[in-house]
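The values are calculated or read from the model by the stated rules, or taken from the named source; none is laboratory data. Computed from a prediction, not measured in an experiment: that's the story for all the values here. In case anyone asks, the SASA skips ligands and DNA or RNA and just uses the protein heavy atoms, side chains included. Shrake-Rupley method; radii C 1.70, N 1.55, O 1.52, S 1.80 Å.
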Amino acid sequence: MKRDLVTGRRKEIPLDDEETSIFMYVLTSIYTYLFVIVLAIVMAVNSMASSWEKDIMGALTVQIIPIEDENKHIDVEKTLEQQNKVLQFMENVTGVKSVRVLGPDDIEKLMTPWLGNKVDISELPIPALLDIGLKDDGSINYDEVTRGLKQITPNASIDNHRLWLNRLLKFASSLKHIALLVLLMVAGICALSIYYSTRTSLWINRESLEILHVVGALDKYIAKQYALNYAKIGFFAGVIGLFVAIPCIILIGKYGISTGSGLINGAELSLFAWVLIMITPLLSSAYSMITSYITVKKSLEKMI
């Protein structure tokens, strides 16, 4: 009678020698790999959405269209005068924490993705921009601020980013729901694989199971042996899937950062996310163990 190399328990049923066990090692490794990748996507999307909401909802932008003279040239002095008036007005608005005028370098960085590095923006009629930081509650009266700006100059307008932020958040929510659906599908297919693999093993070992019942073995005892075997498969296959998935996650993260998009840069995995990813083999082991135990118990009640 053999003993399990990991648990040291006696093995009345030669489960490790079956082709179904080898098959489950391969399948569980693949399932774990897919699960970890999709889980990382879900956690990254959550982080990205939180970053958007924190950075964008806590700020707004005021733009001032340059004033042109009779010859259609920009009147720098009048434009600067209006900018200063708007600056003073915004500093006194309730709920505003800070007001900063974006300099030429800041504006050039904003325009580079659209115009490229070779365009001289100094000759373009680019609006003056004020970056407004809001207090933690982020509550200001936008209608009152808009009316106040129009009294100063019709060339000033406010953008609170709420419209397109809501669209981004809806996109992130849709992406997260799709990813969660994929997670459920992976978990469900994995459960089906364990179910049919266990059923096949029970059929292969039906004679041994009958003998065990004759000598007094309970269904619970047999189910426990299967559960321990699948727990081992789930753990070691989970480790393989995890360590194949981690380099992929790192490469995807580096590629996203290399795009230079501030929106994508917000998609970072927190310490909690990495801990959850690293314990995936334990989750895989527990999931496989519970699924196989229930399958054996229910199957034996019908078979014998």
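Details
- Taking all protein chains together and rolling a 1.4 Å probe, CYS190 ends up with roughly 10 Å² accessible.
- Accessible surface of ILE65, taken over heavy atoms with a 1.4 Å probe and every protein chain present, rounds to 70 Å².
- A 1.4 Å probe, protein heavy atoms only, puts the accessible area of MET111 near 60 Å².
- Solvent exposure ordering (accessible area, 1.4 Å, most first) of MET185, MET24: MET185, MET24
- Portion, in percent, of the accessible area of the stretch 128-220 that falls on carbon or sulfur, probe 1.4 Å: 60 percent
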